[in-house]
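The values are calculated or read from the model by the stated rules, or taken from the named source; none is laboratory data. All values reported here derive from a predicted model rather than from experimental measurement. Here the Cβ is made from the backbone with ideal geometry for all residues, glycine too, and neighbour counts use every protein chain on show.
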Amino acid sequence: MASKFRKKKSGGAQQLSTASLPDIVFMLLFFFMVTTVMRETELFIKNKLPEATEIKKLEKKSLVSYIYVGPPLKKYQGTFGTEPKIQLNDQFSKLSDIKDFIIAERDAKDEAEVPFMTTSLKVDETTKMGIVTDIKQELRKVSALKINYSSKAKVKK
Amino acid sequence: MGKREVPEINAGSMADIAFLLLIFFLVTTTMDVDSGLSRMLPPIVPPEQQKDDSKIKERNIFVVLVNRDNRLLVEGEPMKVKQLRKKAKEFIANPKNDEDLPEKKATEIPFFGTYPVSKQIISLQNDRGTAYGTYIAVQNELVAAYNELRDELAMQKFGKKFDDLNKEQANAIKDIYPQRISEAEPKNIGGNQ
């Protein structure tokens with residue numbers, strides 16, 4: 001009996017096979033590749049979202065168009081001032097651009113999916129409601145009625 | 001010239017390459033999900049077709065005003081955001097059938113039979129100078145009031161939370177407590193900017 005136990009030890013430290021290491025790493029790699037969402041737009045504005053408790057997750061990300069609103073970042077304040085601005089895709093925009101933006105977004109999608117399109121308003125919490133109300137009016141004019149006030153989850157007390 | 005030996009490729013560096021890629025994706029990954037308060041905007045109605053709002057009795061409307069200094073006026077009295085949820089719940093449910101709170105109409109509802117459904121409407125008005133943060137906080141409290149009432153009713157009737165109900169049950173509860181938050185057409189409250 002005793003010899004059986006001793007036998008194993010006699011070989012010294014056993015070599016660990018690393019042959020399956022690439023497989024494991026590849027598995028992890030694929031996981032992250034699939035879950036990764038690359039940042040599409042570079043933000044030119046300060047965007048600190050307000051907090052809320054009753055939030056719902058936005059589903060079907062491909063059907064969401066984003067409108068960013070907030071005061072320009074420091075490096076752009078020289079050219080654009082400090083007043084809150086609208087950013088669509090990769091540029092500062094005027095209120096009147098929203099219509100074209102929504103129509104362009106719609107054209108890019110399948111017709112059957114258009115009713116499910118949502119507009120996500122990512123508005124900085126210090127922004128005044130005036131500009132938000134104007135945006136909402138513009139959205140109503142193009143009947144993009146489904147909106148989502150983007151906000152962060154607040155820890156429930 | 002017949003047989004040439006196929007050289008074996010050393011796969012030892014495969015792990016390194018994979019690691020490199022893995023680290024790249026680890027760093028670029030943003031796992032945050034987009035979340036927020038979902039709302040439906042009312043469609044634009046041409047002025048000649050606009051409904052007469054005066055038909056809605058005053059007791060059925062819960063007026064929330066937010067001014068440019070981010071202060072609230074609820075049903076004619078100043079209030080803090082924290083108190084709003086309780087007040088809104090009281091208004092929506094009207095448990096004591098108060099004269100000043102919304103009237104109820106007996107409606108046929110699946111699972112519940114005939115149930116007095118209150119004719120509540122919450123009207124939210126804000127100034128152009130209101131901060132967006134306050135606006136969202138108010139919206140959040142109002143939605144929370146509805147959600148809490150729905151949860152309570154679901155607990156009472158089905159012994160489950162509202163989110164765990166099946167579709168028919170959830171719809172029945174939604175019929176009893178429909179989310180009616182109306183936002184007035186924009187105007188200035190409390191002075192011009």
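Observations
- Residue within the range B:174-183 that is hydroxyl-bearing (Ser, Thr, Tyr) and more than 10 Å from chain A (Cβ to nearest Cβ) present: yes
- Selection within the range A:1-37 - modelled with pLDDT under 75 and small (Gly, Ala, Ser): A:ALA2, A:SER3, A:SER10, A:GLY11, A:GLY12, A:ALA13
- Inside the range A:114-152, residues that are surrounded by fewer than 15 Cβ atoms within 10 Å (Cβ to Cβ), within 20 Å of the chain's Cα centre (by Cα) and either over 23 Å from A:PRO72 (Cβ atoms) or at the interface with chain B (Cβ under 7 Å from one of its Cβ atoms) (or both) make up a count of 1.
- Options A:SER143, A:SER120: the member that is of a type in the set (Ser, Thr, Tyr) and in a loop (DSSP other than H, G, I, E, B): A:SER143
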